[in-house]
Structures are given as C-alpha cells and as structure tokens.
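A.B. asks: Quick one: the structure is below, questions incoming.
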Amino acid sequence: MQINIETIDRLAGIVRSKIKGTPRAAIILGTGLGGLADAVQDPVIVPYADLPDWPVSTVIGHAGRLVAGQLEGQPVLAMQGRAHYYEGYSMAQVTLPVRVFQRLGVEILVVTNAAGGINPDFVPGDVMLITDHLGLAGMAGLNPLIGPNLAEFGPRFPDMSQAYDRELSALARRVAQENKLVLREGVYVGLSGPSFETPADLRFLRVAGADSVGMSTVPEVTAARHGGTRVLGFSGISNKANLDGNTLTTHEEVLEAGKILVPKLETLIRGVLRLL
Ligand code: HPA
C-alpha cells in the first residue's frame, strides 16, 4: 500500500480532533511493554480501529490503541502496540504512525522494544539505552524511505550519524544514576523476523557489533530522523540470545520479562520528561 501525504494528513486530522493540545513526545511501546501507558494522566484513548489505514498489530502483547495525556507535565501520545514488517505490512505502513506524529508537531520520539540480549553481560530484565542501530533489514533493501521522497518531511538522503539523540541519552543516563538503576548501553540490530535467530545468525550479529536484537524500531527511527524528530531508544532485554543453540526462545518469555521491564522503563521515561 502506497502512503502519501494525503493519507498522513487525513489521519493527523482525525487524531488532532480527538486529543487535547499538541503532544511534545510520542512513545512507542514494544511487545509486553504496553502497561507503561497506564502511567499517562487524563488519558484520551483512541483505538487504532477508529483510525483508517492505521496499521493494527496482530501480535499478542500489543493492545492496539493510542493513549494521549500528560506524563510528568508533558503532553504525550503513547502507542500501545506497533505493527511489524513480519505481519505483512509494508515499511510505509509500519512507519505511518511516525509520519502522523510528525504532522501533529511531536518533537521527540521515545522508542521501546523487547529484544534478545546478544551482549553476554546482559540478563533478562536489563534495560539497554540504544546508542546506535544496525539496520540489517534496511541494508538488504527494506528501508522505509525507499520510494518517492516525502519532501514535506526531509531530504532524499538523510543523515543517520546521530540517530539516537545524544542530549536525550545523557538525560537517561542521569536519571538511571539518580534512581540507582542499572542502564546498559549498546547497538540494537533490527531484523525482519518473525523466526528467531539461529545460533549462527547470532554469532554473526555479535561479531558485527550488535548488543541486542529485535524485529522493530529501526524503520520507525529511520522515518523519525528523516523528519528531524529527536529519538530516545530503549531495548528491554527479554531473553538471552542463544548463541550456543542450547536454549529455546519463546514469545511467552518475552511477554513475561515485560512485567519486570515496565517499571524500569517508566522510571527512565518519566525522569527524562521531567528534565526536558
Ligand atoms: N530475537 C529477536 N527478537 C526478539 C528477541 C530475540 O531473541 N527477543 C525479543 N524480541
């Protein structure tokens, strides 16, 4: 499905008519992390089903609604559930919500994901500040910016040298320290999924410099940066990536880890919003 500026603006108009004010930050909640939206005050809830063309996640652990309101006094818009490429959506559909946020005037995108920990020091329940990403799917031809350039948002060849905002990352480190919360850091690699990686895939990704692995985030961050939106990213480590082939990876453990990760992510995101 081709997404053009008319589709984006129609959706932005509908969302604008349902929520109050202009959201400053949008938060994308990854698998099992939707509970974070419960922290939003004076919530206005917009089910994705009320938004024509909005990609609806078919995956367990994704509620499928927008929650608009206040967090630490900042107007925010949280996405409870995101669509993934592996569900059969095009990259343009996967990144449509980010385009709508940009037209609504959102300045900051906070991305979260559930991810496998490739770095051997990481354990399930750890939060990793994403300092950079490895866009393997994009390198292989699945870049959401392929097609006519949406010049309303940004240039044909956008810079990606600082995809994850250094100032926002510094605030996250400060919040972690003040709250005595262990914050890992590293490179997230985005794959298409839906099958988990083979041990050989994981050994390859490790030597390529990846610390966490998942099936999302990179497309949204690419569209965000194209449009000049500042990005703060966190991986919630839900399982240890299985480089030796001796343990199985399941969606259930990913959902289970979300329960430990949500309070940590809430502390970090609230803390950063408070410091803005
Ligand atoms: N691999 C890919 N995606 C994931 C994983 C994983 O181990 N855990 C959660 N999302």
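A.B. asks: Going through the range 233-253 one residue at a time, which ones are in contact (Cβ under 8 Å) with a residue 40 or more places away in the chain, among the aliphatic types (A, V, I, L, M) and out of contact with any strand residue (DSSP E or B) (no Cβ under 8 Å at 6 or more places or on another chain)? Write out each step before concluding.
C.D. replies: First pass over the range 233-253, keeping only residues in contact (Cβ under 8 Å) with a residue 40 or more places away in the chain: 233-245, 249, 251, 253.
Okay, now just the ones that are also among the aliphatic types (A, V, I, L, M), so 237, 241, 243.
Across the range 233-253, the qualifying residue is only Leu243.
A.B. asks: Would you please name the residue that is farthest from the chain's Cα centre (by Cα), looking only at residues in the range 105-120 that are outside any strand (DSSP E or B) and farther than 20 Å from Asp165 by Cα?
C.D. replies: Pass one, the range 105-120, residues outside any strand (DSSP E or B): 105-107, 118-120.
When the remaining residues are screened for being farther than 20 Å from Asp165 by Cα, the result is 118-120.
On the way: Ile118: 18, Asn119: 20, Pro120: 23 Å.
By that ranking, first place goes to Pro120.
A.B. asks: Right, another one. Conditions: (1) of a type outside the set (Phe, Trp, Tyr); (2) more than 18 Å from the chain's Cα centre (by Cα); (3) farther than 21 Å from Asn246 by Cβ. Gly135 meets all but one. Number of the miss?
C.D. replies: Checking Gly135 against (1) of a type outside the set (Phe, Trp, Tyr); (2) more than 18 Å from the chain's Cα centre (by Cα); (3) farther than 21 Å from Asn246 by Cβ, the one that fails is (2).
A.B. asks: Related question: What residue, of Thr131, Thr198, is of a type in the set (Val, Ile, Thr) and either in contact with a Gly (Cβ under 6 Å, 6 or more places away or on another chain) or within 16 Å of the ligand (Cβ to nearest atom) (or both)? Before you say what the answer is, go through the steps one by one.
C.D. replies: Numbers: Thr131 fails: either in contact with a Gly (Cβ under 6 Å, 6 or more places away or on another chain) or within 16 Å of the ligand (Cβ to nearest atom) (or both).
Going through Thr131, Thr198 in turn, just one is of a type in the set (Val, Ile, Thr) and either in contact with a Gly (Cβ under 6 Å, 6 or more places away or on another chain) or within 16 Å of the ligand (Cβ to nearest atom) (or both): Thr198.
A.B. asks: Look at Pro23 and say whether it is closer than 22 Å to Pro219 by Cα and either of a type in the set (S, T, N, Q) or free of Cβ contacts under 8 Å to residues at least 60 places away in the same chain (or both). Talk me through it step by step, then tell me what you get.
C.D. replies: Numbers: closer than 22 Å to Pro219 by Cα: yes; either of a type in the set (S, T, N, Q) or free of Cβ contacts under 8 Å to residues at least 60 places away in the same chain (or both): no.
The answer is no for Pro23.
A.B. asks: Pairs under 7 Å by beta carbon, first residue among the polar types (S, T, N, Q) in the range 206-225, partner part of a loop (DSSP other than H, G, I, E, B) and buried (at least 24 other Cβ atoms within 10 Å of the Cβ), six or more apart or different chains?
C.D. replies: Ser212/Ile118; Ser216/Gly30; Ser216/Arg82; Thr222/Pro144
A.B. asks: I'd like the full set of residues that are over 23 Å from Thr229 (Cα atoms) and aliphatic (A, V, I, L, M), limited to the range 177-212.
C.D. replies: Answer for the range 177-212, where residues must be over 23 Å from Thr229 (Cα atoms) and aliphatic (A, V, I, L, M): Leu181, Val182, Leu183, Ala200, Leu202, Leu205, Val207, Ala208, Ala210.
A.B. asks: Looking for whichever is in contact (Cβ under 8 Å) with a residue 40 or more places away in the chain and touching a Gly at 6+ places or on another chain (Cβ under 8 Å) here; the options are Val110, Val56, Val94, Val15. Which one fits? Let's see the steps before the verdict.
C.D. replies: On the way: Val56 fails: in contact (Cβ under 8 Å) with a residue 40 or more places away in the chain; Val94 fails: touching a Gly at 6+ places or on another chain (Cβ under 8 Å); Val15 fails: touching a Gly at 6+ places or on another chain (Cβ under 8 Å).
After applying the criteria, what remains is Val110.
A.B. asks: Criterion first (of a type in the set (Phe, Trp, Tyr) and in contact (Cβ under 8 Å) with a residue 12 or more places away in the chain) does Phe157 satisfy it?
C.D. replies: Values: of a type in the set (Phe, Trp, Tyr): yes; in contact (Cβ under 8 Å) with a residue 12 or more places away in the chain: no.
Spelling it out, it is not the case that Phe157 is of a type in the set (Phe, Trp, Tyr) and in contact (Cβ under 8 Å) with a residue 12 or more places away in the chain.
A.B. asks: Just give me the residues in the range 254-266 being touching a residue at least 24 places away in the same chain (Cβ under 8 Å) and surrounded by fewer than 18 Cβ atoms within 10 Å (Cβ to Cβ), in sequence order.
C.D. replies: If we filter the range 254-266 for residues that are touching a residue at least 24 places away in the same chain (Cβ under 8 Å), which is where we start, we get 254-262, 264-266.
Within the range 254-266, Leu255, Glu256, Lys259, Ile260, Glu266 meet the criteria.
A.B. asks: Still on this structure: If we scan the range 90-106, do we find a residue that is among the polar types (S, T, N, Q) and either more than 30 Å from Arg16 (Cβ to Cβ) or touching a strand residue (DSSP E or B) at 6+ places or on another chain (Cβ under 8 Å) (or both)?
C.D. replies: Start the filter on the range 90-106 by keeping residues that are among the polar types (S, T, N, Q), which leaves 90, 93, 95, 102.
Restricting the remaining residues to those that are either more than 30 Å from Arg16 (Cβ to Cβ) or touching a strand residue (DSSP E or B) at 6+ places or on another chain (Cβ under 8 Å) (or both) gives none.
No.
A.B. asks: How about the range 86-117: which of its residues are surrounded by fewer than 24 Cβ atoms within 10 Å (Cβ to Cβ), among the hydroxyl-bearing types (Ser, Thr, Tyr) and within 16 Å of the ligand (Cβ to nearest atom)?
C.D. replies: Of everything in the range 86-117, just one residue is surrounded by fewer than 24 Cβ atoms within 10 Å (Cβ to Cβ), among the hydroxyl-bearing types (Ser, Thr, Tyr) and within 16 Å of the ligand (Cβ to nearest atom), namely Tyr86.
A.B. asks: Is it the case, given these coordinates, that Arg24 is among the basic types (Lys, Arg) and surrounded by fewer than 20 Cβ atoms within 10 Å (Cβ to Cβ)?
C.D. replies: Yes: the conditions hold for Arg24.
A.B. asks: Run down Gly236, Gly193, Gly135 and say which single residue is over 21 Å from Val106 (Cβ atoms), surrounded by fewer than 20 Cβ atoms within 10 Å (Cβ to Cβ) and not charged (D, E, K, R).
C.D. replies: Numbers: Gly236 fails: surrounded by fewer than 20 Cβ atoms within 10 Å (Cβ to Cβ); Gly135 fails: surrounded by fewer than 20 Cβ atoms within 10 Å (Cβ to Cβ).
Within the list Gly236, Gly193, Gly135, the selection yields Gly193.
Read-outs: derived from the displayed coordinates by stated rules, not from any lab. None of these values were measured; they are calculated from a predicted model. Ideal geometry is used to build each Cβ from the backbone, glycine not excepted, and the neighbour counts take in all protein chains shown.
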